[in-house]
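Structure first, commentary second.
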Amino acid sequence: MADLSIRLVPDPVLRVVCAPVTEFDAALAELTTGMLAAMYAAPGRGLAAPQFGVASRVFVMDTTWKDADPTPQIFINPEMVDCADDVAIWEEGCLSIPDRTIRVARPASVTLRWQGVDGAPQTGTFTGFAAACTQHELDHLDGVLCTDYPEAP
Ligand SMILES: [Zn+2]
């Protein structure tokens, strides 16, 4: 069975600025399959590649599976292309920072551009908890953790 363990602070891989994905090959598909398995097993709603020990610009997310059928989403080379002026505060946890949550203020909605595992370009707008989750996971790809933010009131 694959190693589904999740890296915890202060593992240095969590502080790396991750490299873009250039090869859309079987190894990438295997990585995302493993990351989704680890995320569901944790259990969590988002997981970035560095949390899985891989310094690549990849994250996976499923913000609804705890309440509905699984809808796994895979983001390769994600970038934020737009965000709302208004701010929302969510209580965030991180699979790499056990037993800790922090209230973080972030743009209430974001539009991302990314690639699928096949390299196909995609865009999407995320609101509510998914907006916070995508920003949290994007931060991981730049070595930023939610606990780096000041606690929101
Ligand atoms: Zn996290």
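Exposure here means at most 11 other Cβ atoms within 10 Å; with GluC sites (Glu not before Pro) in a DSSP loop as sites, the longest stretch of the chain lacking them is 24-150. Spacing of the modelled spin labels on A105 and T123, each 7 Å from Cα toward Cβ, amounts to 2.9 nm.
In a fully extended conformation the segment linking D86 and R15 would gain 22.7 nm over its present Cα-Cα distance, using 0.36 nm per residue. By the beta-carbon count within 10 Å of each Cβ, the least crowded to most crowded order of F59, F24, F75, fewest first, is F24, F75, F59. Taking the Cα centre of the chain as origin and assigning +1 to Lys and Arg Cβ atoms and -1 to Asp and Glu Cβ atoms, the resulting dipole is close to 160 debye. DSSP bridge analysis restricted to the chain gives an antiparallel fraction near 95%, rounded to the nearest 5.
Per-residue extension of 0.36 nm, minus the Cα-Cα distance of F24 and D148, leaves a gain of 41.4 nm for this segment.
No lab work stands behind these numbers, since they all come straight from the coordinates. Computed from a prediction, not measured in an experiment: that's the story for all the values here. No Cβ is skipped: glycine too gets one built from the backbone with ideal geometry, and neighbour counts run over all protein chains shown.
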